[in-house]
Amino acid sequence: MSRANVMIVDDDQDLAESLAELLEMSGCKVTTAANGREAVLSHGKRDFDITFMDVRMPIMNGVDSFFEIRKLKPDAKIVMMTGFKEAIVAKALEAGAVGLLNKPFDIAAMLAIVAKAA
């Protein structure tokens, strides 16, 4: 796998760190954020090949942050992640989110998405 620049956004720090570690072992450069506001700020400073965005988070949820990031970077590739049935996810998907990973998901599915984005 190429050296993709990936962002993981999730308020579950253990999950974010575990995903980051797995992606780093696959050769990716990974940045994590604990909420949508941090993700928006990071996207304002740099580009990512792909972002994996949790939907339910404090401060700013994933769908709101998706729309804020797309204002800054219209071509940003963002995959929504959730463990719940979320009606608001459809808004992000209709507006161009790359896809949806339902938690728990197979890491192979995440790696396949990263490979396509890099």
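Bear in mind that the values in this text are calculations on the coordinates, not laboratory data. Because the structure is a prediction, the values reported are computed rather than measured. Because the Cβ atoms are built from the backbone with ideal geometry, glycine has one as well, and the counts that use them run over all protein chains shown.
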Proximal charge balance of G96 [Cβ under 11 Å; K/R count +1, D/E count -1]: +1
Could you give the length gained on full extension between S18 and D47, defined as 0.36 nm per residue of separation minus the Cα-Cα distance, in nm? 8.2 nm
Assigned charges on the beta-carbon of Lys, Arg, Asp, Glu; the chain dipole about Cα centre (debye): 460
Candidates for P(r) over Cα pairs in 10 Å bins from 0, in percent are [x] 14, 39, 21, 10, 8, 6, 2, 0; [y] 15, 53, 31, 1; [z] 15, 35, 24, 16, 8, 3, 0, and the calculated one carries label [y]
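How much length is gained if the chain between L111 and A95 is pulled fully straight, taking 0.36 nm per residue apart and subtracting their Cα-Cα distance, in nm to one decimal? Intermediate results must be reported in sequence, preceding the final value.
Details: separation 16, 0.36 × 16 = 5.76 nm, distance 2.31 nm.
Taking 0.36 nm per residue and subtracting the Cα distance, the gain is 3.4 nm.
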Just how many pairs of Lys in the chain have C-alpha atoms closer than 14 Å, counting pairs that are eight or more places apart or on different chains? 4
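If you rank M7, M25 by fewest surrounding Cβ atoms within 10 Å, what's the result?
Numbers: M7 26, M25 8.
Exposure proxy ranking, most exposed first: M25, M7.
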